[in-house]
Each structure stands twice: as C-alpha cells, then as structure tokens.
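Colleague: Sharing a structure here in structure tokens format.
Bear in mind that the values in this text are calculations on the coordinates, not laboratory data. Everything numeric in this text was worked out from a predicted model, so none of it was measured. Using ideal geometry, Cβ is built from the backbone for each residue, glycine included, and neighbour counts are taken over all protein chains shown.
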Amino acid sequence: MKLDDFNNIDFKNAGSMSMPVKLVLLGILFLILVGLGYWFLWSDQIAEIDQAKAKEQELRQTFLAKKAQAVKIDAYKQQMIDIEKTFGALLKQLPDKSQMDGLLTDINQAGLGRGLEFDLFKPGQETPADFYAEMPIQIKIKGKYHDIGAFATDISKLSRIVTLNDLSITPLSNDSKDSVLTLEAVAKTYRYLDSSEVAGKKAAAMKGVKK
C-alpha cells in the first residue's frame, strides 16, 4: 500500500480498491462514527453515570455513619438513663415551695447550734430561672473563728444546696484579747419550681413575645 493509492481513490469504483486501502478507509469511518456517537449520545450518558457513582458514594458514607450510630445506640440509651438518674438526684437536693421554711430553719439552727449569735437573717426576693428559683439570704453572725468555720462546714453538709457568697469576716473589736468575729455573707439556696409556676413562666414569656 502506497500513498498514491489514496490520491487516486475512486469512490465510484470502491469495489476495485485494494484490500489495505479498504481497511484504512473503514478504520477512518469507524473512528468518525465513534466520535459522532460519543458527542451526540454517549457524553450525556457518561455524565449521568459519573453522577450516579458520586451519589452511590454519598449514600455509602451515609449508610456507614448510620450504621456506626446504630451500633452505639445501646450505649447512648444507657448514657441517657445515667443522665436522668443524675439529674433526678440533683433535683432532690432542691426543696419545693413547701419545704423552704424548713430549710431556712435548718440554716438558722446550724448557726445557733455552734453558739453563734445572729444579728441579721433576712431572706430576699426569689429570682426564677428555667426550672428553679434562687433565694438570697443576708446573714450577719457573731462568734469565735472555729465556730464560724464549723458553721460553714455544717451548711455545706445540709441535704439541700446552700452556698455562702460575698463573705466578709472582721473582728468585733480592736481588742486583741477579744477573739469574737463578725461574719457577713449572702447565703443562697434554691428550690425547684412546681408545674404551675413553670407553666405560668412560659405563658408570661409567650405573652411577652407576642407583644
């Protein structure tokens, strides 16, 4: 097969062409058909296949993530049970409204039991939060150093949550022989809001939003 064979091609007498020339022309025709088929038909299908593969990979990753969560579901359930138990135990340390008087009496008795003298014991205004209310109590007591320390320890051991804040300890007098001190502090205690109080608080919040 020579170059002249292609220069002298007569398509009207294609049957008389040599076999090598026919094969070359068929090869060129085949490449042209493949190119046209890719351009008009296969390119869109290939793009759809690529998108389908990407979607398959995304779904596979989602499945693996869900499977990992499903394997840990029992651990999550147990964790929720433990959290609820812990929350319930903490909630029991908050008195309800009917128990507040008893708690105030316990705080007062803790001081008297240590021989301390109360100059001030004044419960303040409650400050409500999400599910509890905080009550500050201004106290001023007189007594010896160790007795005041024992009083603070007794407060920390109460079955209900009570904290001492803004502590100020000063000598009762300038006499070095007098070991009596004055303690001024704000004791804070907490109680949980009952269902009616929580409902009222939510209703007031909703009313404020509507305004």
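Colleague: Hey, which of these cross-link pairs are over 21 Å Cα-Cα: LYS55/LYS77; LYS77/LYS157; LYS140/LYS188?
Modeller: With Cα atoms farther than 21 Å apart: LYS55/LYS77; LYS77/LYS157.
Colleague: Let me ask you something else. 7 Å from Cα along Cα→Cβ at both LYS67 and ALA129: what's the point-to-point distance in nm?
Modeller: With each label point 7 Å from Cα toward Cβ, the separation is 4.4 nm.
Colleague: Stretch LYS157-GLN51 to full length: gain in nm at 0.36 nm per residue minus the Cα-Cα span?
Modeller: Taking LYS157 through GLN51 to full extension adds about 31.5 nm, to one decimal.
Colleague: Still on this structure, I have one more. Would you work out the charge dipole size for the stretch 109-178 about its Cα centre, treating the Cβ of every Lys and Arg as +1 and the Cβ of every Asp and Glu as -1, and quote it to the nearest 20 debye?
Modeller: 220 debye
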